[in-house]
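Some notes on the structure that comes next.
What follows draws every value from the coordinates through simple rules; no lab data is involved. Owing to the predicted nature of the structure, the values given are computational and were not obtained by experimental measurement. FYI the Cβ positions are ideal-geometry reconstructions off the backbone, even for glycines, and counts take in every protein chain you see.
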Amino acid sequence: MADKIASGGRITPAEALKLFNSGDIHTLGELADAAAKRKNRNRVYYIRNVHVNPTNICVNRCRFCAFSRSRGEEGAYELTNREIIKKLKQIRLKNHFDEVHIVGGLHPDWTFEHYLEMIGTIKENFPGVRIKGFTAVEADYMRKKSGLPLRVVFKRLKDSGLDVMPGGGAEIFHPDVRNALCPEKLSGREWLKVMKEAHGAGIKTNATMLYGHIENYEHRVAHLQSLRRLQDETGGFQAFIPLPYQPDTEVGGRASSGTEDLKCIAVSRMFLDNFDHVKAYWVMLGEKLSQVALLFGADDLEGTVIEEKIAHSAGARTKYGLSEAELASMIRKAGKEPVRRDSFYRRIG
Ligand code: V47
Ligand code: SF4
């Protein structure tokens with residue numbers, strides 16, 4: 001298997017399962033690092049971005065999500081579009097950002113027009129800034145709310161200024177896991193269908209996998225296999241991001257171990273041979289482990305972030321944001337070449 005991976009061959013789901021079951025973390029890291037280098041040489045990308053969560057009010061109330069609230073519940077909030085702009089202007093006084101990442105709850109009252117205006121006003125106030133907005137879950141909610149076909153939803157989002165989409169909401173596609181964790185959320189099959197439609201509309205997206213809760217390795221491999229299959233068809237995914245479950249939630253449990261996190265990054269890098277980028281999300285992995293992940297197959301470090309809420313609601317102890325200098329230094333000290341990127345992985349600056 002090592003020879004196959006080293007020569008760029010495609011591994012099977014059964015082989016991926018063997019890799020997950022392997023305790024040889026050094027060999028996994030070495031092979032994944034070589035696979036990452038084949039794609040991106042010694043580069044590690046980062047972006048100056050800001051995360052905005054317009055509301056935590058959500059009709060889905062997934063059991064692993066400590067960020068969401070029901071309407072009227074203590075701690076529930078919703079930002080008007082004017083408040084979003086004000087917040088971004090305040091942030092801009094101190095931090096330069098090239099991308100705004102927007103995801104939030106499914107607000108029972110928000111219309112499709114409200115989302116379109118949100119993007120439109122951000123673009124108007126911050127020309128040149130790219131918008132990575134709305135998970136497949138939110139896009140499907142817009143379809144339901146508007147009664148429009150997904151194709152039209154994406155066209156209008158794009159026309160209003162949406163550039164790319166994040167990869168959230170994928171969780172674990174397998175129905176057994178999904179029904180136990182987030183029964184109200186769209187199914188795995190529907191998530192893939194929404195992404196296929198986004199790619200068809202010319203919108204690049206990411207993909208995630210939330211791991212380390214109740215799933216097993218078979219569930220993870222099946223998830224990765226569904227993503228690899230869709231990527232073969234559309235080529236529309238830019239990056240894959242494994243998200244380690246933060247356990248301060250109704251589901252409870254314990255956080256995954258460091259070796260488990262590194263293994264997940266490495267196996268994903270080796271299995272998803274048609275994805276250009278694997279992202280280490282330092283907010284959930286922790287700063288130090290994210291740096292090590294750059295030697296285990298990750299070639300992208302998200303991002304300056306500035307004001308993270310979702311992971312921190314579920315117990316993440318990392319900072320709320322990092323400076324560009326801190327990101328570049330983490331990358332350099334891992335022996336990699338930092339490359340500042342835009343939302344399409346083009347080098348900038
Ligand atoms: O979809 C919710 C996850 C996601 C928890 O595409 C949790 O560039 C861990 O998708 N523990 C949102 N995760 C975050 C996300 C993301 C983040 C950074 C970059 C990108 C990108 C995407 O957070 C949700 C859900 O899967 N989440 N609760 C939790 N307790
Ligand atoms: Fe809502 Fe997303 Fe949280 Fe689920 S993960 S409750 S869809 S905000």
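For the chain, the Stokes-Einstein estimate of translational diffusion at 37 °C and a viscosity of 0.692 mPa s comes to 162 µm²/s, using the Kirkwood hydrodynamic radius over alpha-carbon pairs.
So how tilted is helix 150-160 from the main axis of the chain? Cα-based, degrees 0 to 90, rounded to 10. Tilt relative to the chain: about 70 degrees.
Output the peptides 25-33, 301-309 sorted from most to least packed, where packing is the average of other Cβ atoms within 10 Å over each peptide's residues.
301-309, 25-33
One chain, two ends: S257 and R346. Fully extended at 0.36 nm per residue, the span grows by 28.7 nm beyond their Cα-Cα distance. For the chain, a Gaussian network of Cα nodes joined below 10 Å ranks P149, P175, P166 by mean-square fluctuation, and the top entry is P149.
Across G147, G258, G236, mean-square fluctuation computed from a Gaussian network of the chain (C-alpha pairs under 10 Å connected) peaks at G147.
Out of residues 5 or more away from R69 or on other chains, whose amide H comes under 5 Å of its own, with H placed 1.01 Å from N in the peptide plane? Under 5 Å from the amide H of R69 lie the amide H atoms of I57, C58, each far enough along the sequence or on another chain.
Compute the distance from the alpha-carbon center of the range 290-349 to that of the range 69-143, in whole Å. Between the Cα centres of the range 290-349 and the range 69-143 lies a distance of 22 Å.
The packing ranking, built from the mean of other Cβ atoms within 10 Å per residue, places the peptides 282-289, 85-92, 184-191 in the order 282-289, 184-191, 85-92, highest first.
Using a 4.7 Å Cβ-Cβ cutoff, the cysteines of the chain lacking any partner cysteine are C58, C264. Considering only P183, P338, P127, the Gaussian network model of the chain with Cα springs below 10 Å gives its largest mean-square fluctuation to P127.
Rounded to the nearest Hz, the phi-derived 3J(HN,Hα) couplings of the range 312-318 under the Karplus curve 6.51 cos²θ - 1.76 cosθ + 1.60 (θ = phi - 60°) are 5, 5, 9, x, 4, 10, 6, where x marks glycine and proline. The count of lysine pairs in the range 137-267 that are at least 8 places apart or cross chains, and whose C-alpha atoms lie under 29 Å apart, stands at 29. By the compact-protein rule of thumb, 2.2 N^0.38 Å, the alpha-carbon radius of gyration of the range 195-307 corresponds to a ratio of 1.07.
Label zone of N216 (point 7 Å out along Cα→Cβ, amide N under 19 Å): in the range 16-38 this covers 16-23. Between the range 1-33 and the range 170-229, the C-alpha centres lie 22 angstrom from each other.
Ordering of 132-138, 61-67 by packing is 132-138, 61-67, highest average first (other Cβ atoms within 10 Å, averaged per residue).
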